[in-house]
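Asker: Have a look at this one.
The values are calculated or read from the model by the stated rules, or taken from the named source; none is laboratory data. The model shown is predicted, which means the values in this text are computed figures rather than measured ones. Glycine also receives a Cβ, built like all others from the backbone with ideal geometry; neighbour counts cover every protein chain displayed. Heavy atoms of the whole protein, side chains included, go into the accessibility calculation; ligands, DNA and RNA do not. Shrake-Rupley method; radii C 1.70, N 1.55, O 1.52, S 1.80 Å.
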Amino acid sequence: MNNTNETNQTLTVDVCIVGAGPGGALLSNLLNRQGISTALIERQPHLHKSFRGELLNTDGEAILNKHGLYSIIAERGALPLEEIQYWEDGKIIKTIFPSDEVSHVGIHVPQDHLLEIIVTQSQQQEQNHEHILFNTIMTGILREKTGKPVGINIRQNGVPSSIEASIIVGADGRYSAVRKHSGMIPLIRKHGYDLLWARIPAPVGWEPAVRMASMDGQQLALFSQFGGYVQIGWNIPQGSYSKLRELPFTPFVQKLVTAFPCLADSVKAHIQTWSDFVLLSVESSYSETWTQDNIVLIGDAAHTMTPTGAFGLNAALEDADMLAELLTRMAQDQFASMKPLQELQSLRGDKVKQQLARQIEMEVSFQQRYESFLN
Ligand SMILES: Cc1cc2nc3c(=O)[nH]c(=O)nc-3n(C[C@H](O)[C@H](O)[C@H](O)COP(=O)(O)OP(=O)(O)OC[C@H]3O[C@@H](n4cnc5c(N)ncnc54)[C@H](O)[C@@H]3O)c2cc1C
């Protein structure tokens, strides 16, 4: 891969994108295709992350197809999930199949594959205008004396430096530094639950599916994953984890086996202590404004979603696609006017708000839906 870990010198680009998650990586790729120079900066030393959004829905799939990326990603490895199963007392009580027009209820795409393909495909453009800087953290906004943002301050491999840019994009996730340094305020909402995640090998012969169970009124969800794994998402009451950890571990994990007896061997071998779970503190947020001057937010930085319904990854890809169109238009007059940036929120905000509302509906109705299947 070219251009990674470049030497510390001031770089000048059209668009500086903070965060090489799905939103930032796709945006950089699409701008590079249009001959717009970008700096894509990522604080991690690589693209590998565990426990991130990996379930692609039809919206995300459509964006990747539109840009000729989905087939390459699928070739690298993706797993369409065939149905949603609801379980009770170790048995399936209800199965929901996809509609006729869609052949899956979601596609598991390891985020490594997704990001690697998006980044590699971009770097292979005949004319490469994209600079990728790993181990680089955004530390502040670079401003003229007038206060006008002209780029960002960074620390690359620990060394302070800066990047000058006409446009600054915060694609840096739920705790966005770009959002914080530019004073944009997120409205944060708690959802009454946190999530424990674990990934274990799937039992042999398991069909690719989403499996749900209700455990003490809390949702337990299993997602088949590419490569023969199952990801477990276990809702626990918000803020309860430290108390939970004081309790004996075995009876807790036994509930998982009671809900899904076929997992018994894999659970026994791979979930032995509390440390085999990763805790996600669940919250959603919506930034009141997504733009300020020449700064714009996308993805989780603009609107963090909870994992319910698996919208977040897909929404980040949709934002990137839309922003790439706006920036391509703005590049035609050398970014003379920042007005088109504001269109992003007008074009995307309503759908995002609907998805945030849908998540709450899904969270509230889970138990009711379960009870209706049992009656
Ligand atoms: C456990 C979990 C499960 C989820 N499951 C799903 C799912 O199944 N389907 C779905 O659609 N969504 C899911 N989501 C949500 C999904 O992961 C996010 O919505 C999606 O990753 C957002 O993409 P993004 O590009 O906006 O930001 P992110 O993926 O968060 O990427 C932001 C990037 O910015 C980098 N960064 C942060 N700060 C700085 C800085 N100061 N300087 C430089 N770099 C920085 C980070 O290292 C990161 O790589 C899940 C989320 C979690 C946490």
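Asker: State yes or no: is D276 surrounded by fewer than 20 Cβ atoms within 10 Å (Cβ to Cβ) and assigned by TED's automatic domain parsing to the domain that holds G147?
Answerer: Values: surrounded by fewer than 20 Cβ atoms within 10 Å (Cβ to Cβ): yes; assigned by TED's automatic domain parsing to the domain that holds G147: no.
No: the conditions fail for D276.
Asker: Please list, ordered by first then second residue, the pairs with beta carbon atoms under 8 Å, 6 or more apart or interchain, first in the stretch 51-65 and near the ligand (Cβ under 6 Å from one of its atoms) and open to solvent by 50 Å² or more (accessible area, probe 1.4 Å), second assigned to a loop (DSSP other than H, G, I, E, B) and among the β-branched types (V, I, T).
Answerer: Short answer, once both residue conditions are applied: none.
Asker: Is it the case, given these coordinates, that A213 is in the same structural domain as S240 (by TED's automatic domain parsing), farther than 23 Å from H303 by Cβ and of a type in the set (A, V, I, L, M)? Full working, then the answer.
Answerer: Working: in the same structural domain as S240 (by TED's automatic domain parsing): yes; farther than 23 Å from H303 by Cβ: yes; of a type in the set (A, V, I, L, M): yes.
Against the criterion (in the same structural domain as S240 (by TED's automatic domain parsing), farther than 23 Å from H303 by Cβ and of a type in the set (A, V, I, L, M)), A213 qualifies.
Asker: Let me ask something else about it. Please tell me if G24 is within 19 Å of D172 (Cα to Cα) and within 12 Å of the ligand (Cβ to nearest atom).
Answerer: yes
Asker: R155 - would you say it is away from the ligand (no atom under 11 Å from the Cβ), basic (K, R), surrounded by fewer than 21 Cβ atoms within 10 Å (Cβ to Cβ) and touching a residue at least 12 places away in the same chain (Cβ under 8 Å)?
Answerer: no
Asker: Determine whether Q254 is out of contact with any Phe, Trp or Tyr (no Cβ under 7 Å at 6 or more places or on another chain), over 24 Å from P80 (Cα atoms), assigned to a loop (DSSP other than H, G, I, E, B) and polar (S, T, N, Q). Spell out how you get there, then give the answer.
Answerer: Numbers: out of contact with any Phe, Trp or Tyr (no Cβ under 7 Å at 6 or more places or on another chain): yes; over 24 Å from P80 (Cα atoms): yes; assigned to a loop (DSSP other than H, G, I, E, B): no; polar (S, T, N, Q): yes.
In short, no.
Asker: Filter the stretch 317-352 for residues that are within 30 Å of A213 (Cβ to Cβ) and of a type in the set (D, E, K, R) and give the result.
Answerer: Residues satisfying the conditions do not exist here.
Here's the yes/no breakdown for (1) within 16 Å of the ligand (Cβ to nearest atom); (2) under 15 Å from W274 (Cβ atoms); (3) open to solvent by 60 Å² or more (accessible area, probe 1.4 Å); (4) in a strand (DSSP E or B):
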site	(1), (2), (3), (4)
M184	yes, no, no, no
D194	yes, yes, no, yes
Q231	yes, no, no, yes
I236	yes, yes, no, yes
T250	no, yes, yes, no
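Asker: Quick test of your reading of the structure: T306 fulfils all but one of (1) at pLDDT 95 or above; (2) within 15 Å of the ligand (Cβ to nearest atom). Name the failing condition by number.
Answerer: (1)
Asker: Right, here's the next one. Go through the stretch 213-229 and give me each residue that's within 20 Å of L56 (Cα to Cα) and either open to solvent by 30 Å² or more (accessible area, probe 1.4 Å) or among the polar types (S, T, N, Q) (or both).
Answerer: Scanning the stretch 213-229 gives F223, S224, Q225, F226, G227, G228, Y229.
Asker: What are the residue pairs meeting all of these: first residue in the stretch 122-139, first residue charged (D, E, K, R), second residue away from the ligand (no atom under 16 Å from the Cβ) and open to solvent by less than 50 Å² (accessible area, probe 1.4 Å), Cβ atoms under 7 Å, and 6 or more apart or on different chains?
Answerer: E130/N32; E130/Q123
So that you can scan it fast, the table gives a plain yes or no per residue for (1) within 24 Å of R211 (Cα to Cα); (2) surrounded by fewer than 16 Cβ atoms within 10 Å (Cβ to Cβ); (3) within 15 Å of the ligand (Cβ to nearest atom):
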| position | (1), (2), (3) |
| --- | --- |
| W87 | yes, no, no |
| V102 | yes, yes, no |
| T120 | no, yes, no |
| Q125 | no, yes, no |
| H129 | no, no, no |
| I141 | no, no, yes |
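Asker: If you don't mind, another one. If L47 meets every condition in (1) at pLDDT 95 or above; (2) in contact with a helix residue (DSSP H, G or I) (Cβ under 6 Å, 6 or more places away or on another chain); (3) closer than 29 Å to E164 by Cβ apart from one, which number is that one?
Answerer: All conditions pass for L47, except number (1).
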